[in-house]
1. Given the DSSP H assignment, sum -39500 (n - 2.57) over each helix run of at least 4 residues in the chain and divide by its residue total; what's the result at 222 nm in deg cm²/dmol, nearest 500?
2. Considering only protein heavy atoms, what per residue accessible area in square angstrom results for the chain with a 1.4 angstrom probe?
3. If you take the Cα atoms of region 344-412, find Rg, then find the Kirkwood Rh from the mean of 1/r over all pairs, what is Rg/Rh?
4. Tell me the relative contact order for region 310-409 as a rounded percent, counting alpha carbon contacts under 8 Å between residues six or more apart.
5. Stick to Cα atoms and the Kirkwood definition of Rh, then tell me Rg/Rh for region 537-678.
6. In percent, how large is the relative contact order of region 190-328, given Cα pairs closer than 8 Å and 6 or more residues apart?
7. Percent of accessible area on the chain owned by carbon and sulfur, 1.4 Å probe?
8. Given +1 on the Cβ of Lys and Arg, -1 on the Cβ of Asp and Glu, and no further charges, what dipole in debye does the chain carry about its Cα centre, rounded to the nearest 20?
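The values are calculated or read from the model by the stated rules, or taken from the named source; none is laboratory data. As the structure is a prediction and not an experimental result, all values here were calculated from the model. So basically every Cβ, Gly included, is an ideal-geometry build from the backbone, and we count neighbours across all protein chains shown. These area figures cover heavy atoms from the full protein model, side chains too; ligands, DNA and RNA do not enter into them. Shrake-Rupley method; radii C 1.70, N 1.55, O 1.52, S 1.80 Å.
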Amino acid sequence: MESLYQYAWLVPVLPLVGATVVGMGLISFGKFTSNLRQLNALFIVFLTGASMVLSFALLWSQIQGHESYTRTLEWASAGSFHLSMGYTIDPLSSLMLVIVCTVAFLVMIYTDGYMAHDPGYVRFYAYLSIFSSSMLGLVVSPNLVQIYIFWELVGMCSYLLIGFWYDRPAAADACQKAFVTNRVGDFGLLLGILGLYWATGSFEFGVIGERLESLLNSGALAPGLAALFGILVFLGPVAKSAQFPLHVWLPDAMEGPTPISALIHAATMVAAGVFLIARMYPVFEHLPSVMTVIAWTGCFTAFLGATIALTQNDIKKGLAYSTISQLGYMVMAMGIGAYSAGLFHLMTHAYFKAMLFLCSGSVIHGMEAVVGHNPNLAQDMRVMGGLRKFMPITWLTFLVGNLAICGIPPFAGFWSKDEILGLAFAANPALWLVGWLTAGLTAFYMFRMYFLTFEGEFRGNDISARQLVLGKPAFGPGAMNIAELHEEHENHDQGHSESPHESPLSMVLPLLVLAVPSFLIGWLGKPWANVFEEFIFPPGEEIVPSAHHFDSTEFLVMAGSSVGISLIGISVAILMYLTKKIDPGAIAAKFPALYKLSLNKWYFDDVYDRVFIQGSRRLARQILEVDYRVVDGAVNLTGLATLVSGETLKYLENGRAQFYALIIFAGVLGFVIVFSLV
């Protein structure tokens, strides 16, 4: 068994080998490598599958009680400074390895069908593989420096994948927006890491926590300064996990191919922020003010994402705001000390949200047969409807994911979300109230999405529905304008079928596989026998078996309230979008301010555009004026003075001795006059 851990480094290295081999082939023998499409894909999928098998073996070993294993080597040293690199396998990292590998493996299989006709097929697989390697390297990192290195690598991969279709202006803008927004959080993270090292002299999570506690107890470190370091570190997860106020990049990131939305923006990279909070838990638990900030940031983000998702018409953007909201639940759980509950929701959400995104890709793939390769039409729910009879497998798996995210028992999301809400009520009833209301909003907008997409009559051939979409683009700031949209619509083919069709086996098989954990995996966290909590618990704490403190009455009350608000949300969605007994347009007209607030995403993009983008441009113009008038003016004045003095002095250098004698006489006379006056 020990040899298994000695070769655990292969988990992140195998996908890296795949990316390197295929990438070098594209660079050196581009046309030849691109022609071997299926062979390259099979090679990368095989290596990812091998990593997945090894990850399951490591997880099983940890479940059986094997001690945590850390292997490091000294990377750099200078005096008392020593930096080690390596990997650590413990319950948390082994769980994350399985989540990342399984989702990546299934997404790669799905990609074969989704990207089958894309000219960048092989390049896309290379990007997928290097991202998987970077994410796996992040979760096994034993210290903050190594985490930061892989943190930046997954950010780079996200940039490449969001902007994969770089010839589209909207995709190019989206990847730049994601890159810049994440750099803000990453700069804070770097400052926090350096601050904690300055205070504790270590990059190791446990050591930092122990030394920080000692410094705070002795008064050697001011609590305010320690809290500042904690907030700076938290800025990293705020950006990476799309928390308020750095959440604005994630919806625009839907410009990337749908498999990326499932892998990066649902299950793995956006969960890296929650993972880092879990890793830093030994530090954060000694900083109550930071924990409070984390809890309320997550709580507000959950509510914010849900309110914006209410009015989204683009199916992928609706799921993106749903992801922001669910990540808010996880962050809130971490902030109130619900370590196991937050990670439990991370796991369940990874599977059912990845499935929902892949379902949306299947829907888009089917819609393109009717409307052509126009993302504005293929992704807009206003031209869908009735897809249940055309795409039965996609419909069934989407419904499973829908019930899971809405918290309907016995699906996975019920157990994880209910546990967070129950612990939030015990920690702070205000947090619970916001989370509870958000659960109702979640059920409403998810079933709104379901009814618009899969129920009713198919609207894809309705000219008026198409014109409505073409007149009102589904994308936000930074996307194509109306003229570009119409031009793209004219240039693309208009489809070859009157109705959508089910996706190929390579796409629907991952959906069916992901439906299994979306339905069953929640049972690991049932409160009367919480197997998950007995395996994943805060470092340094001993877990008490859940059966010893299970209160059936409390569970029924809390679970009943969360299911009740979800059923209310579903019922309202039924009345609005299935039976049409309530007109949503009339409600929007009655409360135009609230409707526009949601439709315009709380105006965050507009405010950021005016303050940061336009403001930066105005500041740049002012600096340019200063540079032109002051800096350049001073330089030009110096040159002018030199020119004038040179032109003047040249008349004094005429080579005539009597003239020089006259100058000397005048100088001596001047000195005599001056000294005589003194």
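1. For the chain, the value works out to -23000 deg cm²/dmol.
2. Averaged over the residues of the chain, the accessible area is 43 Å².
3. Result for region 344-412 is an Rg/Rh of 1.04.
4. 32 percent
5. Taking Rg over the Kirkwood Rh, I get 1.61.
6. Relative contact order comes out at 27 percent.
7. For the chain, the apolar C and S fraction of the accessible surface comes to 68 percent.
8. 1020 debye
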